[in-house]
Amino acid sequence: MRCQQSLFTQVYSWLKIKQTCLLCDERIDTRLPLCADCDAELPWLGPHCQVCALPLAVDGLTCGSCLRRPPSFSRVEAPWRYAFPVDAQINRFKHQAHWPMGRLLGDLLARHLSHAFNEGLPRPDLLLAVPLSPKRQRQRGFNQAQMLAEVIGSALQIAQRSDWLQRTADAPAQQKLDAATRRRNLRGAFSLRPAAQPRGLHLGLVDDVLTTGATAQQLARLLMRAGASRVDVYCLARTPAPGDH
């Protein structure tokens, strides 16, 4: 079983070595292992729903789903669409425990959030990672959302807690399920640990990918009912609507 590396300290000394771009293998001399060309060609999100970040044809709108049923979270922030090569690199990090890629993705999400905060997005008091069930975490050896939260928290100097949320039900994998089935699977799947004190706090919920938003909705509702003042969701990528590529 792999052990979760705190802040990836055993992976790279980012400022002391010459690096290669993790996408194209070109030699670079920058803080992050990503060249400017690859950075520019990533599938940036573009126009999207102002609440759930669903890709849309026109920017500045709210999607029909969020208008019909406003979610418990206030806003989703994601730099990319879930498309190549970001989808492949997220899976490389998540399922193959590729620590350098995870660190890079976390740093790029922190960069995106820093820009959003500078543009007026409220800064959270605390970061919380979407939890895995104990069984899933034992199988995988780590929680990719927790690793991302640690990187973001360190880069942006935002405190993060790993002892507030727990997954109490080990539902089937969600990737290929529709929104209604995902919601049914997640009923009662999460709870607050005794250490949790969300009352009055603006919380940032960290995950890797947002697909239907069912997981984020369940956790945001749980936190808001416990007294949180606001919950935002920070993730690497947002999937487009079915059939929208």
Work out how far the C-alpha atoms of region 47-238 reach from end to end along every principal axis, then list the three figures in whole Å, largest first.
42, 37, 36
Can you give me the Cα centroid spacing of region 101-122 and region 27-49 in angstrom?
12 Å
Would you report the distance distribution of C-alpha pairs in region 50-100 as whole percents per 5 angstrom bin, up to the bin with the largest distance?
4, 17, 20, 17, 13, 14, 10, 4, 0
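Once the piece of chain linking GLN50 and THR30 is laid out straight, how much longer is it, given 0.36 nm per residue of separation minus the C-alpha distance between them? Present the calculation step by step, with values, prior to reporting the outcome.
Values: separation 20, 0.36 × 20 = 7.20 nm, distance 3.28 nm.
Taking 0.36 nm per residue and subtracting the Cα distance, the gain is 3.9 nm.
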Where in region 76-171 are there GluC sites (Glu not before Pro) that are in a DSSP coil and have at most 11 other Cβ atoms within 10 angstrom of their Cβ?
GLU119
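Computed from the coordinates by the stated procedures, all read-outs in this text should not be read as laboratory data. Computed from a prediction, not measured in an experiment: that's the story for all the values here. So basically every Cβ, Gly included, is an ideal-geometry build from the backbone, and we count neighbours across all protein chains shown.
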